[in-house]
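Before any comments, here is the structure.
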Amino acid sequence: MRRSVIAGIGSYVPPRVVSNDDLSRLMTTSDEWIRTRSGIQERRFAEEGVYCSDLALEAANNALADAHLEPSDLDFIIFATVSPDHHFPGTACFLQAKLGVPYIGCLDLRNQCTGFIYGLAVGDAFVRIGMYRHVLVVGAELHSNALNFSDEGRDVSVLFGDGAGAVVLASSSEEDRGILYTELHADGRFAKALHMDVWNISRKPYLTHDSIDTGEIWPQMDGKTVFKHAVIRMAELVTHALKQCRMQPEDIKYVIPHQANQRINQLVAERLGFPQEKFLNNIYKYGNTTAASIPLLLNEAYQAGKLERGDHLLLIAFGSGFTWASALLRW
Ligand SMILES: CC(C)(COP(=O)(O)OP(=O)(O)OC[C@H]1O[C@@H](n2cnc3c(N)ncnc32)[C@H](O)[C@@H]1OP(=O)(O)O)[C@@H](O)C(=O)NCCC(=O)NCCS
């Protein structure tokens with residue numbers, strides 16, 4: 001049986017660092033409030049004029065270089081984002097053009113914080129059935145232009161940052177490596193617990209002159225509901241994956257959790273009885289980068305030399321939708 005392995009990984013964050021103190025000059029908040037509620041100390045914001053696909057391009061090129069591959073080696077692109085360059089066409093098409101590889105298939109995934117894991121699962125399926133040899137899976141976000149930096153939006157805007165991460169999945173005959181297991185879930189009954197209403201296509205016209213004044217252009221979140229469900233679902237993902245793969249907690253070298261809130265991940269580890277050190281984190285540097293958070297964290301661990309051949313890594317995420325998903329990898 002063929003497996004998909006991560007042949008290369010890369011990430012990119014824009015250079016501009018925005019601290020909690022910087023945000024407290026725009027709205028009524030404080031470094032202390034943000035740090036204690038979320039673990040975030042700073043995040044990166046792109047400059048005006050930069051597109052999400054520009055961040056993705058940097059990450060994709062880094063992943064290709066790490067895999068010792070050229071863009072022309074790619075057979076397919078999967079792009080996960082909630083901050084697309086345009087309403088349509090999909091951002092994967094823009095990235096494909098920037099990579100200079102016309103004709104290959106491109107797919108956009110709108111699965112919020114679980115988008116990267118959903119992308120891995122889809123790419124893995126294509127590779128395993130023998131349809132494609134090299135699939136680029138990207139998670140990238142440019143949140144900063146769509147955040148409300150007034151007091152009304154402060155619960156959401158202090159949490160998010162910009163960034164991108166990418167992997168090249170490659171078909172391999174090595175049975176003992178690669179993506180071993182994926183699990184995908186959603187519960188659309190909670191779709192409006194974290195959502196943005198602005199592209200409401202049921203209205204004629206779907207955008208009005210009031211769209212800015214009513215605040216519908218900004219994301220809206222019921223933070224407590226999201227928090228509560230995230231802890232339950234992410235712990236469940238770990239238990240399921242271990243059971244399905246007949247593994248024990250000690251078989252997992254690291255859990256790579258989505259970086260939404262450090263308190264969420266601490267509670268998940270506690271609930272499972274896992275040592276906190278098994279749960280990697282970098283939210284303090286980047287905030288929540290939605291579809292980019294997992295490849296950013298995975299790449300950081302890889303670059304730091306923390307990952308060794310044969311290590312089992314469990315990727316878990318929860319986000320808007322609600323959606324939740326996991327992927328178990330053998331490095
Ligand atoms: C948003 C979140 C950090 C809020 O934390 P919390 O512990 O629920 O907040 P609290 O109930 O302690 O505090 C809410 C108070 O802080 C205020 N507040 C909200 N944002 C604030 C900010 N940035 N700075 C200062 N005060 C803020 C609120 O207005 C509220 O004030 P009130 O009590 O006077 O009405 C938390 O709910 C959360 O992280 N939720 C999950 C978010 C998430 O993960 N989203 C992405 C999913 S992928």
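Per-structure values
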{"read-out": "Filter result for the condition that a residue is under 17 Å from the mean Cα position of the chain (by Cα), crowded, with 20+ Cβ neighbours inside 10 Å and not in a helix (DSSP H, G or I), over G123, G139", "value": "G139"}
{"read-out": "Count of residues meeting criterion [open to solvent by 30 Å² or more (accessible area, probe 1.4 Å) and either assigned to a helix (DSSP H, G or I) or small (G, A, S) (or both)] in the range 142-160", "value": "7"}
{"read-out": "Cβ-Cβ under 7 Å pairs, at least 6 apart or on other chains, the range 24-42 side open to solvent by 100 Å² or more (accessible area, probe 1.4 Å), far side modelled with pLDDT under 95 and hydrophobic (A, V, I, L, M, F, W, C)", "value": "none"}
{"read-out": "Members of the range 236-265 found to be assigned to a loop (DSSP other than H, G, I, E, B), of a type in the set (S, T, N, Q) and over 16 Å from W324 (Cβ atoms), listed by number", "value": "Q248"}
{"read-out": "Test for A241: is it open to solvent by less than 60 Å² (accessible area, probe 1.4 Å) and more than 16 Å from the ligand (Cβ to nearest atom)", "value": "yes"}
{"read-out": "Selection from the range 161-182 of residues that are modelled with pLDDT of 95 or more and open to solvent by 20 Å² or more (accessible area, probe 1.4 Å)", "value": "S171, L180, Y181, T182"}
{"read-out": "The range 103-119 residues that are farther than 14 Å from A317 by Cβ, paired with ones that are at pLDDT 95 or above and among the polar types (S, T, N, Q) (beta carbon under 7 Å, 6 or more apart)", "value": "I104/Q96; C106/Q96; D108/T91"}
{"read-out": "Close pairs from the range 273-294: first among the acidic types (D, E), partner surrounded by 19 or more Cβ atoms within 10 Å (Cβ to Cβ), Cβ under 6 Å, at least 6 apart", "value": "none"}
{"read-out": "Pairs with Cβ under 8 Å, 6+ apart, first in the range 214-231 and open to solvent by less than 40 Å² (accessible area, probe 1.4 Å), second more than 13 Å from the ligand (Cβ to nearest atom) and of a type in the set (D, E)", "value": "E216/D197"}
{"read-out": "Test: S320 is polar (S, T, N, Q), within 12 Å of the ligand (Cβ to nearest atom) and touching a strand residue (DSSP E or B) at 6+ places or on another chain (Cβ under 6 Å)", "value": "yes"}
{"read-out": "Residues satisfying the stated conditions in the range 44-53, i.e. of a type outside the set (A, V, I, L, M, F, W, C) and either surrounded by fewer than 20 Cβ atoms within 10 Å (Cβ to Cβ) or out of contact with any Lys or Arg (no Cβ under 8 Å at 6 or more places or on another chain) (or both)", "value": "E47, E48, G49, Y51"}
{"read-out": "Residues satisfying the stated conditions in the range 211-238, i.e. within 13 Å of the ligand (Cβ to nearest atom) and among the hydroxyl-bearing types (S, T, Y)", "value": "T225"}
{"read-out": "Of residues in the range 269-319 being in a helix (DSSP H, G or I), farther than 23 Å from G139 by Cα and among the hydrophobic types (A, V, I, L, M, F, W, C), the one nearest to the chain's Cα centre (by Cα)", "value": "A269"}
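The values are calculated or read from the model by the stated rules, or taken from the named source; none is laboratory data. What you are looking at is a predicted structure, and each value in this text was computed from that prediction instead of being measured. We place every Cβ from the backbone using ideal geometry, glycine too, and count neighbours over all the protein chains shown. Each accessible area value is taken on the protein alone, full model and side chains, heavy atoms only, with ligands, DNA and RNA left out. Shrake-Rupley method; radii C 1.70, N 1.55, O 1.52, S 1.80 Å.
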